[in-house]
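The values are calculated or read from the model by the stated rules, or taken from the named source; none is laboratory data. Please read all numbers here as calculations on a predicted model, not as lab measurements. Quick reminder, even Gly has a Cβ in these numbers, built from the backbone with ideal geometry, and neighbours come from all protein chains shown. When the accessible area is computed, the model is the full protein with side chains, heavy atoms only, and any ligands, DNA or RNA have been set aside. Shrake-Rupley method; radii C 1.70, N 1.55, O 1.52, S 1.80 Å.
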Amino acid sequence: MSLLVVGLSHRSAPVSILERASLASDTQAKLLQDTLAAEPAAEATALATCNRIELYADVDKFHAGVAELSTLLAQHSGVGLDELTPYLYVHYEDRAVHHLFSVACGLDSMVVGEGQILGQIKDALALGQELHTAGRLLNDLFQQALRVGKRAHSETGIDRAGQSLVTFGLEQLAQGADVENWARGKRALVIGAGSMSSLAAATLARAGVAEIVIANRTLARAERLAEILAEPGGTGVTARAAEMVAVGDELDRADVVVSCTGATGIVLSGDAVEAAAGGRTETLHLLDLAMPRDIDAAAHRIPGVRLVDIESLADASADAPMASDVDQVRSIVADEVAAFGAAQRAAHITPTVVALRTMAADVVASEVARLEGRLPGLDDKQRAEITQTVRRVVDKLLHAPTVRVKQLASEPGGAGYADALRTLFDLDPETVASVSRADLNDADVKNRGRV
């Protein structure tokens, strides 16, 4: 296993850099394809959220892999390599596994313990599977990360350490007041109909807002979200959809606005916000969860407007209390990293063991055929008994060494046992490689569609 991750997040880079380095979905696809075309990488997938961009790859050379992945991130993010490099972090092999498992548990989130990251990891794996850039290693890694994240949330109180970014943002808007009391009776405008916007709309509906308007570039998606919110089995809130061209009019009527689109430019200008805030007796509350930002930062300076964006959320979360459950989650992550490493090391030697047993079976078949030539008078029962006896002898001779070598290979530093077996028994490298390819194809078929 030569797992490498190169990335940047709210922990390593200022929001101004993260904002410029964000990746659209079509850019992510091109990034993965170009990464796989690069010489050091055999597999690749990307995890891109509003506050992190990470490129995961299976590489055969560490230094060449770091250089290539860093260059590709710079090329596709639009931020020059010289400017991006100081903010990049690199994790390799077990440290890379530890990093992703920590991310999956919410330990590395802006709001510690938030669970939305699990959906984003799921999406990252789905994209890698769809593009056929995620092979056995990344399939195993991301599937396990999802299981570890779910385990952390079910076995600990990590959920109490933090909330979703939406809930945390609304708490910041409410400035210490109870969110439900603060939201009750307000008219809300949600711009965007993706996963974050849908979560924001549902959260606002549960908090008791009087009305929610969903504005989106694709009106059908906005209408569908509004239907889900308004239906009896949903939240039951009054909800309707609006065209993006109507955002200005809806802004005039809204008390609270949440925006999270995939737009590359400003969705709400400072002038539009100022016009909507003019003449109000109540504060206009704006929550910008997009990266890059949807709402002009100039809105911070407009009287009668309270804007909470990713940058202010990062500042606020730095002072958030850590739950005691965090230590328990860290222990879970450490155990799971060790188990994953052992499983990968054991899997690495499996093709060699299979190739050894295949060679042994070929030797048995050859010797039985030679015996039949020398003793043509054997009847079927005698021939079968001799064949079975020879096979039992070979199986007994190979059983203890192959079981033991799998145990040894699963321990740290056990990677050399596969090489030792190949050398001692003069195994054909192509036979071992063919077993590995078969395993990889089986894993690809098995994992596809499981996310």
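Specify the angular offset, from 0 to 90 degrees and rounded to the nearest 10, of the alpha carbon long axis of helix 429-447 from the longest principal axis of the alpha carbons in the chain. Helix 429-447 sits at roughly 40 degrees to that axis. Taking 7 Å steps out from each Cα toward its Cβ at LEU424 and THR218 produces label points 5.7 nm apart. Taking the C-alpha atoms only, the angle from helix 94-104 to the longest principal axis of the chain is near 40 degrees.
Ranked by the mean number of other Cβ atoms within 10 Å of their residues, highest first, the peptides 100-109, 206-215 come out as 100-109, 206-215.
Place the peptides 192-199, 283-290 in order of packing, highest mean first, counting for every residue the other Cβ atoms within 10 Å and averaging per peptide. Please report the intermediate quantities before stating the final value.
Numbers: 192-199: 21.2, 283-290: 24.1.
Ranking the peptides 192-199, 283-290 by packing returns 283-290, 192-199.
Need one number: % antiparallel among DSSP beta bridges in the chain, to the nearest 5.
Among the beta bridges of the chain, antiparallel pairing accounts for roughly 45 percent.
Counting only alpha carbon atoms, the long axis of helix 116-130 and the longest principal axis of the chain meet at about 50°.
The stretch 65-115 and the stretch 215-283 have Cα centres spaced 33 Å apart. The stretch between THR387 and ARG187, if pulled fully straight at 0.36 nm per residue, gains 63.8 nm over its current Cα-Cα span. For a straight C-alpha distance cut-off of 17 angstrom, the aspartates and glutamates reachable from LYS150 (same-chain residues fewer than eight places away being disregarded) are ASP108, GLU114, ASP123, ASP140, ASP159, ASP325, ASP327, ASP335, GLU336. Per residue of the chain, the DSSP helices (runs of n ≥ 4 H) give a summed -39500 (n - 2.57) that works out to -18500 deg cm²/dmol at 222 nm. Taking the 1.4 Å solvent-accessible surface of the chain as the whole, the part contributed by carbon and sulfur is 51%. Site pair PHE62 and ASP178 shows an inter-label distance of 5.5 nm when each label is modelled 7 Å from Cα along Cα→Cβ.
Kindly report the accessible area of the stretch 8-147 per residue (heavy atoms of protein chains, probe 1.4 Å, no ligands, DNA or RNA), in Å².
In whole numbers, the stretch 8-147 has 36 Å² accessible per residue.
3J(HN,Hα) along the stretch 167-178: 4, 4, x, 5, 5, 5, 5, 6, 6, x, 6, 5 Hz, from the Karplus curve 6.51 cos²θ - 1.76 cosθ + 1.60 with θ = phi - 60°, whole Hz, x for Gly and Pro. Using the average count of surrounding beta-carbon atoms within 10 Å as a protection proxy, the listed peptides 79-87, 395-403, 38-46 rank, highest first, as 38-46, 79-87, 395-403. The amide H of THR238, built 1.01 Å from its N in the peptide plane, has ILE212 as neighbours under 5 Å, considering only residues 5 or more places off or on other chains. Using a/c under 1.5 as the rounded threshold, could you call the chain rounded, prolate or oblate? The axes a ≥ b ≥ c are square roots of the C-alpha gyration tensor eigenvalues, and prolate needs a/b larger than b/c, oblate otherwise. Cα axes put the chain in the prolate bin.
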